Structure formats: C-alpha cells, structure tokens
Amino acid sequence: MVPSLSYSFFTVILMIVVYLKGYGDHKKNHFFDVPQFKWIYLIAFGYMCVSFYAVLPDIHKSATIDFVKLVVIMSIAYKIVDTEKKLDGVLWAYVAGAAYIGFMVFQVGRNQGDRVEGVGTVDAPDTNGVAAAIAPTIVLSLYYFWVNNNKVARLSIVIATAFIANAIVLINSRGAFLATVVSLAYFMSYQFFSKYQRRHQKASVIGVLLLGLIGAAFVVDESALQRFSSIKSEKLSEEQETGATRVFFWLAAIDMAKDHPFGVGASGFEALSPEYLPMEMDSGSSRNRAVHSTWFEALTELGYLGLFFLVMMLRACFKATARCKRELVNANEINQYYKIIAIEAALLAYIVAMSFLNRYKAEILYWCILFTACSYNIYVVKRDGQNRGIN
C-alpha cells in the first residue's frame, strides 16, 4: 500500500545489494565477454537516438526509459548469475513464476467467450503476452523432470507444468501453442536423435511423449482444438478481419520503413498505420493498429538498424549456446549439454510467439537472452579462465 513503490522496486534493490556484497567476484563477469550484450546496448542506444524525431515523443520517451531500466536490470542479473547453481535457481524460479500465473488463470477461468482476459503482467497486460511469457517454461520443466531423480521435485514439476499448460489452453493463444510445440519438438528431437545419450534415453523420450499426450487429452478441449486448427484454415481477406489480417499490417510496416528508414519510435506504427493500411480493409473499430510482430515492430520503431540489431542479437545467442554445447560434450557433461538445449528451446519458443506479438522490449525476451549469456559465461568464459590459470 506504499504509493509508487512496486514489488519490482524492492527486487531490484535486493539485486543491487547482492551485487555489491559480492562485488569482488561479480566484477570479474565482463559484459563484453559475451556477444549478446553488445547488441542489447545498441538497441538501447537506438531508442535514445530515435527520441529526437519519434512521431509520439512522450510515449517513446517513456518506453525508452523503461527499456533502459530493463537493460540495467539485465546487466546486474548477468553479474550475479555466475555459477551453475545460480543459473539453475533462476530457471526454477522462472518455472515457479509461470506456474503461479497458470494458477491465477485457472482461478479466473474463461471469462470472455472461449478466452481468458484480465490476467497480465506489468509489461504484458493482455493474455496473449502472458501466454507467450509462460510458453518457454514447459520445455524447461521437461528438462528438470528428466534429469531430476527426487520424487518431490518431479511431482512439483508435474503440478507446475499442468497449471502452465492449462493456462495456455484456457487463454487460447495460437502463437503460444505453436511456440510450445516447436520448442518441445526441438528439445525432444535432440534427446532422441543425438549421439550423446544417457542410459535408456530414447525409451524415456517415448514415455514422456506418451504421458504428455495423455495429459493433453485432459486439458485440451474442443474450443481450444477449433482455435488451434484455425491457424491453417484462416484466409487472407480485406473484407473480414481474421488472424491472417496481420499480413496486411506487416506489408504496411515494410512500406513505412521505406519512408522512414531510421524508424518512427515506440508506437509509431500505431500512429501512422492509417496512412499505410489498405483503405478498403476491415481493421475493426480503429485503423490505428499494432503491427503484431516483433520483427516488424523493430523495423518500424528503430528502422532497418533495429531489425538488424534484433537478428544479430539472436544470432549471437545461438552462437554462444553452440560453443557451450561443444565445451560440455568435450567435458562429457551430458546433463548440462541438454540444459543448454532446453535454454535454446525456451528462447526458440519465445521467438515463435513474439513473431505474432509486439515484444521487442519485453522483459521475458531479454531474460531468455540472459540465460544464454549466463550459460556462456559459466561454461565457456570462466572455464577458459580457469584453464589458463592452471596452465
């Protein structure tokens, strides 16, 4: 009940205290030892530059301040999360947080037809954004269920995953559903086809897949099946607004970028979209529409450089995890090897979901990127330093 002091304020203060307490060790974690941070800082710098000519200066200024705060938080978190135990703790906390959101969604239930509304986070007040935020945790849950022999931990994971999966079904977000399927397929194909195998690994993959299908039969209802199946059945039309209508938004974003190659700032597409959308198109109650894709959001807000920064940032993530996997295979650390694959799959899940949402500045995107950065620091940078010290 203290005005203007949110729980996140105290969380960040606690992070700063922890960082300062272990400053001697934490200062050894250099930002530019991992390639991802270079691109994160360039995106922040890009938003600062666009402030001089953004079409909605007040909105852009607020968005820039929020994003710079996010970058500062990510920077502190990177400094702190510098051991395998801490990385596991952060991943477990992410799963626990997603399970809590899933429980909230379960309590609210479908209150808007076949969907849930009114459940959100600070930077994702709509449920599509929430579904995208929790979708990456299902593959992380699968990994920890697979490597953990503790029965209590496994039961906790099963309960958490049930709430998360049920929330995605209740929310009826097609993007989150597709993201979940892609991430699980990525992780499980590695488990089944990789030459780096644990004992009875292929059999366990088949067993988990069967259990997952049985669980899905309980949580997926007819409404969800109809909505998910509509992904391939909707037709592109100017006369009627559907999920496929966003293609017109994407085409408008390309035209806008031609006229504004250095971007128009935060929410600039919404302000200028009436000038670029087809006049005869059914755009609902307003022609001021969001672009509905992080790729095109980056293109319109920061211009061609913004899209380039996004692509290079994600490329750096997967290059970093590829190096982690090589190091872990050489060290014969198979469980850790699959942890990196699970982190890749989680990031991939968010990439799929954000392709249909405006999430360029979303916290969860940068947390998923942070997981890859911390992994690279822990499994590559620090080990290289130790080896040089031994030699």
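Each value in this text was obtained by applying a stated rule to the coordinates, not by laboratory testing. Note that the structure is predicted; figures quoted are calculated from it, not measured. A quick note on method: Cβ atoms are made from the backbone with ideal geometry, for glycine too, and the neighbour counts reach across all protein chains shown.
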**Asked** Are there trypsin sites (Lys or Arg not before Pro) in the range 1-46 that DSSP puts in a loop and that have at most 12 other Cβ atoms within 10 Å, and which ones?
**Response** Lys27
**Request:** Please state the charge dipole magnitude for the chain, taken about the Cα centre, from unit charges on C-beta atoms (+1 on K and R, -1 on D and E), reported in debye and rounded to the nearest 20.
**Result:** 1960
**Asked** Is the range 247-391 best put as rounded, prolate or oblate by its Cα gyration tensor, with a ≥ b ≥ c the root eigenvalues, rounded for a/c under 1.5, and otherwise prolate when a/b is larger than b/c, oblate when not?
**Response** prolate
**Item:** Cα shape, the range 85-203, gyration tensor, a/c 1.5 rule
**Value:** prolate
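In the range 81-138, how does Rg compare with the Kirkwood Rh, expressed as the Rg/Rh ratio over alpha carbon atoms?
Ratio of gyration radius to Kirkwood radius: 1.08.
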**Item:** Coil-residue GluC sites (Glu not before Pro) of the range 286-372, DSSP, other Cβ within 10 Å capped at 16
**Value:** Glu333
**Complete:** Karplus-derived 3J(HN,Hα) from phi for the range 5-21 (6.51 cos²θ - 1.76 cosθ + 1.60, θ = phi - 60°), whole Hz, x at Gly and Pro, runs 10, 8, 4, 5, 4, 5, 4, 5, 4, 4, 4, 5, 4, 4, 4, 5, 5
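Length gain on complete extension for the stretch Ala331 to Lys21, per 0.36 nm per residue less the alpha carbon to alpha carbon distance?
Residue separation times 0.36 nm, minus the Cα-Cα distance, leaves 108.4 nm.
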**Complete:** Length-normalised contact order of the chain, Cα under 8 Å, at least 6 apart, in percent, tallies to 23
**Message:** As an exercise, identify the trypsin sites (Lys or Arg not before Pro) in the range 173-208 lying in DSSP coil whose Cβ has no more than 13 other Cβ atoms within 10 Å.
**Reply:** Lys195, Arg198, Arg199
**Asked** If you bin every alpha carbon distance in the chain into 10 Å steps from zero, what whole percent lands in each bin?
**Response** 5, 21, 31, 27, 13, 3, 0, 0
**Item:** Phe52-Gln107 FRET efficiency (beta carbon distance; Förster radius 51 Å; 0.05 resolution)
**Value:** 0.65
**Message:** Place a point 7 Å from the Cα of Met312 along the Cα-to-Cβ direction; which residues of the range 333-370 have their backbone N under 13 Å from it?
**Reply:** none
**Fill in**
Of the listed pairs Lys258/Lys361; Lys27/Lys151; Lys38/Lys361; Lys38/Lys195; Lys38/Lys69; Lys38/Lys382, those with alpha carbons more than 27 Å apart are Lys27/Lys151; Lys38/Lys195
**Message:** What are the extents of the Cα atoms of the range 16-90 along their three principal axes, in Å, largest first?
**Reply:** 45, 24, 22
